[in-house]
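First the structure, in the form of structure tokens, and then the observations on it.
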Amino acid sequence: MIIKSNVDSTSEQFKKNHKFHARQVNELNEIVEKLAKGGGEKAFEKEHQKGKLTARERIKLLVDEDTDFLELSSLAAYETYKEYVPSAGIICGVGQVENQLCMVIANDQTVKGGTYFPLTVKKHLRAQEIAEKNRLPCVYLVDSGGAFLPKQDEVFPDRDHFGRIFFNQAKMSSKSIPQISSVHGLCTAGGAYIPAMSDQTVIVEKTGSIFLAGPPLVKAATGEIITSEELGGAKVHTSISGVSDHIAVNDEHALATLRDIIRYLGQKEKSPVKLQMPKDPLYPMDEVLGILPEEQSKSFDVREIIARLCDGSEFLEFKKNYGSTLVTGYAHIKGIPVGIVANNGVLFSESALKGTHFITSCCQENIPILFLQNITGFMVGKKYEHEGIAKHGAKLVHAVANANVPKVTLIIGGSFGAGNYGMCGRAFDPNYLFTWPNARISVMGGPQASQVLVTVKKDQLARKGEKLTNEEIKKIEESIKRKYEKEGHAYYASARLWDDGIIDPRQTRKILGQAFASTLHYPWSKTHFGVLRM
Ligand code: COA
């Protein structure tokens, strides 16, 4: 049951792979470090001079000492707008507060006044979605000027725009998922509704204020001249309006008050998941960098990755010799049982059937599922179509969609075509979806897409009796390949919130442990599968 690794970490190939991937990981870490500086040192200083803390300093004081904050989507909005909007101006993640895992959502005031760009809204909504799915109390550290006004058409009117934040708060509150906020800065309009919609709200004296329209707008609308403090400061809201429940003398005090509020929250339902004492794997996580080939098209045994993720490198493999391009089996990660579904080659009918069988058994036993995606797609060709690969793949897709257990997807290589769907891609609502920096996601590979498009063009011209020159073919091929390379990159995907973050592969075990731990209070109930085509 213990996976025996065949990796030779002294081989030239291993060293070459390791060097290649370490370079990518270092680049990622440098970007993440830069993004964590938000609007920059000067902007941080400005906040400190006002007696305020920065968003990250607040989070540090909020979460329990010596615990790790699982930050999500730090690359959100990376190189997407003409303005510099690091991490989309909002920090979201799962943190432990008074021994309770919470979703923390903190505006970064140093990024355009903490205003909401379209991807800020998307990131906030995704954090709420994760909280709702995993029944995590939400803590909002509010310091925001509301909508980024030049982009109002992309943040205000639609279903998944700003209004959805408040809708989610109301819905979560009704499901007994606590909504708690503290107001640290001037919160106008949309920014004001977050505390107003919360179950309990703390507000900081002098720096915190809540109003639907700030003093300039009030003056313009009614001629009334008033200061921020008089209009919607801490004293007003805790003694006159009742919009806020607790007054704090400064940010530190507000965060201590939030911790007190969380300490008094009620008990959660017991999780049905059977935990065991965690055990370290037998092999170092760092070796994954040497296991992953430099070229994505080269194969490797996914069990080598599993061996470095699981407690004691123990893996009870299910149907090992059947449908062997999909590896399935039971393991523990940081003491939490998981069913693992991992690609080890292209998907055949047998692999899809095996995956379906395995997923149904995880659902019966309340076992969360980890999907390790590295997939070019389902097998194509006459033999496979005739044996009904489409209907077998559909069974896997049915099982993945309806499995009522927590699901975490990690893309460790390619994620192409229908393989992305069958392996619980974003559209299949995994509780979390992470990627490695080497991950590539697109409907198909660039070379394949360019060949398809060249063929389509050739056929079109042939009908008119015309032909493409070699030069024209090359031009089409190059431009499509370049486009796919850019759009398939992990940074491009993460910037657009197609995942919950690119992670350092060496941190994978720790992060998966945190992610699965946050799913334990998931609303478990029996899975109902739909009609499976036989
Ligand atoms: N839309 C677009 N940009 C905004 C903005 C908004 N709602 N609010 C602030 N900004 C921008 C500012 O133009 C400035 O950009 P710059 O750095 O490129 O010059 C940056 O955010 C910081 O704003 P600034 O006013 O210098 O910072 P501050 O700390 O003194 O105040 C706010 C921050 C958010 C409190 C203040 O700017 C404000 O009240 N904004 C208007 C809020 C509002 O009316 N929102 C309505 C939303 S429906």
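Numbers for the structure displayed
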{"item": "Single residue of Ala403, Ala394 found to be at pLDDT 95 or above, in contact with a Ser or Thr (Cβ under 7 Å, 6 or more places away or on another chain) and either surrounded by fewer than 22 Cβ atoms within 10 Å (Cβ to Cβ) or not β-branched (Val, Ile, Thr) (or both)", "result": "Ala403"}
{"item": "Selected residue (only one of Pro157, Pro150, Pro118 is under 20 Å from Arg426 (Cβ atoms), within 14 Å of the ligand (Cβ to nearest atom) and open to solvent by 20 Å² or more (accessible area, probe 1.4 Å))", "result": "Pro118"}
{"item": "Lone qualifier among Val288, Val273 - being at pLDDT 95 or above and in contact with a strand residue (DSSP E or B) (Cβ under 9 Å, 6 or more places away or on another chain)", "result": "Val288"}
{"item": "Odd one out for Asp68, checked against (1) out of contact with any Gly (no Cβ under 7 Å at 6 or more places or on another chain); (2) at pLDDT below 95", "result": "(2)"}
{"item": "In region 94-114, residue farthest from the ligand (Cβ to nearest atom) [restricted to those that are surrounded by fewer than 24 Cβ atoms within 10 Å (Cβ to Cβ) and either on the phi > 0 side of the Ramachandran plot or modelled with pLDDT under 95 (or both)]", "result": "Asn99"}
{"item": "Residue match in region 41-53 (condition: crowded, with 22+ Cβ neighbours inside 10 Å and among the small types (Gly, Ala, Ser))", "result": "no"}
{"item": "Some residue of region 215-234 being away from the ligand (no atom under 14 Å from the Cβ) and surrounded by 15 or more Cβ atoms within 10 Å (Cβ to Cβ)", "result": "yes"}
{"item": "Every residue from region 39-70 that is more than 16 Å from the ligand (Cβ to nearest atom) and either in a loop (DSSP other than H, G, I, E, B) or of a type in the set (Asp, Glu) (or both)", "result": "Glu57, Val63, Asp64, Glu65, Asp66, Thr67, Asp68, Phe69"}
{"item": "Ala170 vs. criteria within 14 Å of the ligand (Cβ to nearest atom), over 22 Å from the mean Cα position of the chain (by Cα) and of a type in the set (A, V, I, L, M, F, W, C)", "result": "no"}
{"item": "Hits in region 71-89 - residues which are hydrophobic (A, V, I, L, M, F, W, C) and either within 14 Å of Gly114 (Cα to Cα) or within 16 Å of the ligand (Cβ to nearest atom) (or both)", "result": "Ala77, Val85, Ala88"}
{"item": "Condition check for Gly388: in contact with a Ser or Thr (Cβ under 8 Å, 6 or more places away or on another chain) and open to solvent by less than 30 Å² (accessible area, probe 1.4 Å)", "result": "yes"}
{"item": "Test: residue in region 9-23 that is in a loop (DSSP other than H, G, I, E, B) and either without any contact (Cβ under 8 Å) to a residue 12 or more places away in the chain or within 16 Å of the ligand (Cβ to nearest atom) (or both)", "result": "yes"}
{"item": "Enumeration of residues in region 27-41 that are under 15 Å from Ser74 (Cα atoms), out of contact with any Asp or Glu (no Cβ under 8 Å at 6 or more places or on another chain) and of a type outside the set (Asp, Glu)", "result": "Ile31, Val32, Lys34, Leu35, Ala36, Lys37"}
{"item": "Total residues in region 240-262, condition part of a loop (DSSP other than H, G, I, E, B) and either open to solvent by less than 30 Å² (accessible area, probe 1.4 Å) or more than 28 Å from Pro137 (Cα to Cα) (or both)", "result": "1"}
{"item": "Tabulated pairs, region 75-93, first part of a loop (DSSP other than H, G, I, E, B), second among the aromatic types (Phe, Trp, Tyr), C-beta under 7 angstrom, 6+ apart or interchain", "result": "Leu75/Tyr491; Ala77/Phe117; Tyr78/Tyr491; Tyr81/Phe117; Val85/Phe117"}
{"item": "Residues (open to solvent by 10 Å² or more (accessible area, probe 1.4 Å) and under 23 Å from Arg533 (Cα atoms)) located in region 333-346", "result": "Val346"}
{"item": "Answer from Gly329, Gly312 - the residue that is open to solvent by less than 10 Å² (accessible area, probe 1.4 Å), more than 26 Å from the chain's Cα centre (by Cα) and under 27 Å from Lys510 (Cα atoms)", "result": "Gly312"}
{"item": "Qualifying residue in region 15-27 (condition: aliphatic (A, V, I, L, M) and more than 24 Å from the chain's Cα centre (by Cα))", "result": "no"}
{"item": "Any chance Tyr140 is open to solvent by less than 20 Å² (accessible area, probe 1.4 Å) and of a type in the set (Ser, Thr, Tyr)", "result": "yes"}
{"item": "Scope region 263-300; condition surrounded by fewer than 20 Cβ atoms within 10 Å (Cβ to Cβ), of a type in the set (A, V, I, L, M, F, W, C) and part of a helix (DSSP H, G or I); matching residues", "result": "Met285"}
{"item": "Subset of region 482-491 [in a helix (DSSP H, G or I) and open to solvent by 50 Å² or more (accessible area, probe 1.4 Å)]", "result": "Arg482, Lys483, Tyr484, Glu485, Lys486, Glu487"}
{"item": "Enumeration of residues in region 291-336 that are of a type in the set (Ser, Thr, Tyr) and out of contact with any strand residue (DSSP E or B) (no Cβ under 8 Å at 6 or more places or on another chain)", "result": "Ser297, Ser299, Tyr322, Ser324"}
{"item": "Some residue of region 125-143 being among the hydrophobic types (A, V, I, L, M, F, W, C), touching a Cys at 6+ places or on another chain (Cβ under 7 Å) and touching a residue at least 60 places away in the same chain (Cβ under 8 Å)", "result": "yes"}
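Each row is one residue, and each column tells you yes or no for (1) under 16 Å from the mean Cα position of the chain (by Cα); (2) closer than 20 Å to Val327 by Cβ; (3) among the hydroxyl-bearing types (Ser, Thr, Tyr).
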residue: Gly355; (1), (2), (3): no, yes, no
residue: Cys362; (1), (2), (3): no, yes, no
residue: Ile367; (1), (2), (3): no, yes, no
residue: Thr376; (1), (2), (3): no, yes, yes
residue: His398; (1), (2), (3): no, no, no
residue: Asn402; (1), (2), (3): no, no, no
residue: Lys407; (1), (2), (3): yes, yes, no
residue: Pro430; (1), (2), (3): yes, yes, no
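The values are calculated or read from the model by the stated rules, or taken from the named source; none is laboratory data. None of the values given here were measured: they were computed from a predicted structure. Cβ: placed from backbone, ideal geometry, glycine included. Neighbour counts: every protein chain shown. Side chains included, ligands, DNA and RNA excluded: accessible areas come from the protein's heavy atoms. Shrake-Rupley method; radii C 1.70, N 1.55, O 1.52, S 1.80 Å.
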